[in-house]
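K.L.:
Next up is a structure, given as structure tokens.
The values are calculated or read from the model by the stated rules, or taken from the named source; none is laboratory data. The model shown is predicted, which means the values in this text are computed figures rather than measured ones. Neighbour counts are summed over all protein chains in view; Cβ atoms, including those assigned to glycine, are modelled from backbone coordinates with ideal geometry. All accessible areas refer to the heavy atoms of the entire protein, side chains included, with ligands and DNA or RNA removed. Shrake-Rupley method; radii C 1.70, N 1.55, O 1.52, S 1.80 Å.
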Amino acid sequence: MLVGKHILLIIGGGIAAFKSLDLIRRLRERGAVVTPVLTRAGEEFVTPLSVSALAGNKVFRDLFDLGDEAEMGHIQLSRVADLVVVAPATADLMAKMASGLANDLASTLLLATDTPVLIAPAMNVRMWEHAATQRNLATLYGDNVATVGPNEGDMACGEFGPGRMAEPLEIVAAIEARLTDGPLKGKRVLVTSGPTHEPIDPVRYIANRSSGAQGAAIGRALAALGAEVVFVTGPAEVAAPDGVQVINVQTAQQMLEAVQSALPVDAGVFAAAVADWRVTSATDRKLKKSKDGLPALEFAENPDILKTISQMETGRPDLVVGFAAETNDVIDNATAKRIRKGCDWIVANDVSPETGIMGGSENAVTLISDAGAEEWPRMGKDRVASKLAERIAEVLT
Ligand code: CTP
């Protein structure tokens, strides 16, 4: 898959730099040519010798290395690759990229390059969540920089949360997806998927039966056509697709925030089964049975994510696709829903229990647009996803 592809790999200074050594090995196993660039801080974590030995290539380190300039100038170095990959992308490197600084070899290459850039952020969870980093991330998305990770988990610094660099194989999948020459290459598409969980107390929540299967299949199908996919998912049964940027959330409100921070996108596919209500009386302590009777739960309506995005006045995606899960008058209800929410297409399906669609492997949908209703025969969810991705590609290209 990567045979003959040229990757310029910039290794930033973070503890995750050790994973870049494995990344180099995996890329070379797949036939890629890797030209490594090591930042000064990166050298504190991995040695130039190990990077160079694994890459089977010279490691570039210094902007003012005359030998390097004679062999290959930094402008040329930034242009030889099919893809520039930054792993780990530290908060500092992201800030430099977002503000266009060029004060060392890595940042100069990133400013001078005309090839696509993929970054694998890695940093402490507070640094990742800091408003400055999130602002930089939004700027980088606007500059068409693609991301893989960060993942959530235990961190070297002892904290827990998002900030861990994606695993080498996840980065390889993202690289393969970026280098896929499909019709959606260069397009950024957002997919929401899975159910949301709305807490009642620390151990109980309101949920629904969505498995996330259709959303995951759509994410996979869009990536297979070359799209950069941002996959915002609630706690689903089905694993998220490889090679996409996964943002895990629990509640509808978190899903809306994640969706808004992922903008701008060329298209949004809203396949999540978002809970319509949340419990405003949710407690920090577990509710106990009491002689005073049953607990009285108070509800508030959740934000409608599809409607919010469909009705954006500036920065609305070119194509917004919603889903309508109905049990009766499917076409009429879904047609009205398309107008009410303001999306371009609605994928309508009948989720009556006798259809076996909710949680099953097949789906029978009708695609509703301003051109009318188009009924698709019952088929596997993967096939529905591919057909939908192909239709999206027709509109975006
Ligand atoms: N949706 C959303 N945010 C919500 C609720 C729904 O983004 N808070 C999206 C879903 O992802 C789906 C579409 O809206 O794409 C349809 O959701 P659905 O729950 O079927 O529609 P409702 O507005 O809840 O209408 P109804 O109550 O008639 O089912």
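K.L.:
From the list 122, 102, 53, 112, pick out the single residue that is of a type in the set (Gly, Ala, Ser) and within 25 Å of residue 151 (Cβ to Cβ).
P.N.:
From the options 122, 102, 53, 112, the qualifying one is 122.
K.L.:
Please name all residue pairs, on different chains or six or more residues apart, with Cβ atoms under 7 Å, provided the first residue is in the range 289-314 and is without any contact (Cβ under 8 Å) to a residue 24 or more places away in the chain and the second residue is away from the ligand (no atom under 16 Å from the Cβ) and hydrophobic (A, V, I, L, M, F, W, C).
P.N.:
Pairs found: 295/287.
K.L.:
For the range 282-302, check the following and say yes or no: at least one residue is within 21 Å of residue 215 (Cβ to Cβ) and surrounded by 13 or more Cβ atoms within 10 Å (Cβ to Cβ).
P.N.:
Yes; the residues of the range 282-302 include at least one that is within 21 Å of residue 215 (Cβ to Cβ) and surrounded by 13 or more Cβ atoms within 10 Å (Cβ to Cβ).
K.L.:
Separate question: Looking only at the range 83-116, which residues are modelled with pLDDT of 95 or more and under 21 Å from residue 173 (Cα atoms)?
P.N.:
Across the range 83-116, the qualifying residues are 83, 84, 85, 86, 87, 88, 89, 90.
K.L.:
State all residues of the range 219-240 that are of a type outside the set (D, E, K, R) and under 13 Å from residue 184 (Cα atoms); if no residue qualifies, say none.
P.N.:
219, 221, 222, 223, 224, 225, 226, 227, 229
K.L.:
Condition first: of a type in the set (A, V, I, L, M) and out of contact with any Phe, Trp or Tyr (no Cβ under 8 Å at 6 or more places or on another chain). Now tell me which residues in the range 274-290 satisfy that.
P.N.:
Residues satisfying the conditions are 274, 275, 282, 287.
K.L.:
Restricting the search to the range 212-228, which residues are open to solvent by less than 10 Å² (accessible area, probe 1.4 Å) and assigned to a loop (DSSP other than H, G, I, E, B)?
P.N.:
212, 226, 227
K.L.:
Residues in the range 229-250: is at least one within 29 Å of residue 136 (Cβ to Cβ), surrounded by fewer than 19 Cβ atoms within 10 Å (Cβ to Cβ), of a type in the set (S, T, N, Q) and modelled with pLDDT of 95 or more?
P.N.:
yes
K.L.:
For the range 1-25, what are the residues that are open to solvent by 60 Å² or more (accessible area, probe 1.4 Å) and in contact with a helix residue (DSSP H, G or I) (Cβ under 7 Å, 6 or more places away or on another chain)?
P.N.:
Scanning the range 1-25 gives 1, 25.
K.L.:
Something else about it: Among the residues of the range 327-359 satisfying the criterion of being open to solvent by 20 Å² or more (accessible area, probe 1.4 Å) and in contact with a helix residue (DSSP H, G or I) (Cβ under 7 Å, 6 or more places away or on another chain), which is nearest to the ligand (Cβ to nearest atom)?
P.N.:
Among those residues, the one meeting the criterion is 341.
K.L.:
Kindly indicate the residue of the range 10-43 that is in a helix (DSSP H, G or I) and touching a strand residue (DSSP E or B) at 6+ places or on another chain (Cβ under 7 Å) and also farthest from residue 86 (Cα to Cα) among those meeting that condition.
P.N.:
Residue satisfying both the conditions and the ranking: 28.
K.L.:
Across the range 11-56, what is the total count of residues that are within 15 Å of residue 106 (Cα to Cα) and under 24 Å from the mean Cα position of the chain (by Cα)?
P.N.:
Matching residues across the range 11-56 total 5.
K.L.:
Only one residue in 61, 40 is over 27 Å from residue 180 (Cα atoms) and in contact (Cβ under 8 Å) with a residue 60 or more places away in the chain. Which one?
P.N.:
Answer to the selection: 40.
K.L.:
Please find, within the range 360-397, the residue that is surrounded by the fewest Cβ atoms within 10 Å (Cβ to Cβ) out of those that are touching an Asp or Glu at 6+ places or on another chain (Cβ under 9 Å) and among the polar types (S, T, N, Q).
P.N.:
Among them, the one singled out is 361.
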